[in-house]
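Read the structure below first, then the notes.
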Amino acid sequence: MSGSPPVSPASTDFPPTTIPESSEKARGRLSEIAEPVEPSANATKEGSWPAVTDPRRLLPYRALSDALGFRERYSLIFFIVFGGAIVGLVLARSRSLKPNSYGYQLIPGEAFWANREPWKVFMAIHIILSFIGILLVPWQYIPAMIQENYMRFHRINGYIVLALLLPATLFGTIVSRKAFGGDIADQSGFYSLGILTSLYALEGMRTVHDIPQHRRWMLRFGALLGAVVTERLIILCAKQIISDVGSYYALWRCDELLYVVGQSQLGAYPLCLSAQETGRNLGHVQVAVHASTREAPINNASARRVNSGMAIWTALIIHMIGAEIYIRATEKANQYRGGWILGRPEMLPEGNLKTPNH
């Protein structure tokens, strides 16, 4: 009723049942969002840092986590594993920015396509755009850089990242047609990674004014960017396993083999040598090469090819699941971060409270 005094839940003048339940719930949620977060007794159980009264107990990990603005104990680990590692990979492969260095950066057989048109152009575009974009990505996920004073930087940097990584993903997906022998498992894995990464980025752009949803989609986007690092780690382990088994083989086109081993060693593959002598198209003839890390470089490359499809699919699943776990474990970050509201106050009126969708 207009002009009526506000009803206090603790008031003894009216029974609690006279207070509309929906209004009371909305008022309670609004107060939780608007008020600064204080450390609670069960903060440790919820995954947040416990209060530290002695500065000497502030360990280096927590000091770095606090400096970056992470509230949860495990957020910095997730940040490094699912996002930060990709920066290390990009820096380690920085020599690929020089196209003539492809042969030194790629495994045997991959440079065959990287030095041919149009794949050479597609690879160069993918590498250059990815290198610049990936170096800018981490700034989008540091809470200390998403506060009100840095929102313009966050917005501009975000658009630059998407302008670089979306076409980089497109050209990388095109190049994957010939990656690691072009096996259908590799193609489907890299195509799925490229499509999902692009969809997550576009959905993040679409929900840019819905902060909680925007955060969720961009966390998924960032997590998938690191899948290529996990893929390589899986391959490093799997190569050793299949070498111990000793019964795995990878298919190679004869023109790829000729590029890698040279004419002098092509005789080790009689089918390819016969096709060359009879004038057949070497690109239409394939031979099986033993996969092992304990033999020649061509065999080591076969071990890489055998595992590539499995590795990219496993990495994709790991990062998708990891992103969802992190999003649900840090859902409170959708309401507040560092004592200030993550959404605009006008979006949170009493009785029409905008809450995150779980």
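The values are calculated or read from the model by the stated rules, or taken from the named source; none is laboratory data. Nothing here was measured: the structure is a model prediction, and the numbers come from that model. In this analysis, Cβ positions are derived from the backbone assuming ideal geometry, glycine residues included, and neighbour counts consider all displayed protein chains.
Is one or more of the residues making up the stretch 145-167 of a type in the set (S, T, N, Q), crowded, with 21+ Cβ neighbours inside 10 Å and assigned by TED's automatic domain parsing to the domain that holds Phe78?
Checked against the condition, which is being of a type in the set (S, T, N, Q), crowded, with 21+ Cβ neighbours inside 10 Å and assigned by TED's automatic domain parsing to the domain that holds Phe78, the stretch 145-167 yields no hits at all.
Yes/no per residue for (1) on the phi < 0 side of the Ramachandran plot; (2) at pLDDT 70 or above; (3) under 24 Å from the mean Cα position of the chain (by Cα):
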position	(1), (2), (3)
Tyr326	yes, yes, yes
Thr330	yes, yes, yes
Asn334	yes, no, yes
Met347	yes, no, no
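From Val245, Val261, which residue is buried (at least 19 other Cβ atoms within 10 Å of the Cβ) and among the aliphatic types (A, V, I, L, M)? Before you say what the answer is, go through the steps one by one.
Values: Val245 fails: buried (at least 19 other Cβ atoms within 10 Å of the Cβ).
One residue alone meets the criteria, Val261.
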Being assigned by TED's automatic domain parsing to the domain that holds Val90, part of a helix (DSSP H, G or I) and modelled with pLDDT under 95 narrows Leu224, Leu266, Leu257, Leu199 down to just Leu224
Exactly one of Phe190, Phe180 is out of contact with any Pro (no Cβ under 6 Å at 6 or more places or on another chain), more than 20 Å from Ala85 (Cα to Cα) and surrounded by 16 or more Cβ atoms within 10 Å (Cβ to Cβ), and that residue is Phe180
### Task
Confirm whether Ile156 is β-branched (Val, Ile, Thr) and within 19 Å of the chain's Cα centre (by Cα).
no
Those residues of the stretch 209-218 that are modelled with pLDDT of 90 or more and either in a loop (DSSP other than H, G, I, E, B) or closer than 19 Å to Leu135 by Cβ (or both) come to a total of 1
When (1) surrounded by 23 or more Cβ atoms within 10 Å (Cβ to Cβ); (2) within 30 Å of Arg328 (Cα to Cα); (3) not polar (S, T, N, Q) are applied to Glu256, the one that fails is (2)
In the set Ala291, Ala275, Ala250, the lone residue that is farther than 30 Å from Thr169 by Cα and either outside the structural domain of Ser130 (by TED's automatic domain parsing) or touching a strand residue (DSSP E or B) at 6+ places or on another chain (Cβ under 7 Å) (or both) is Ala275
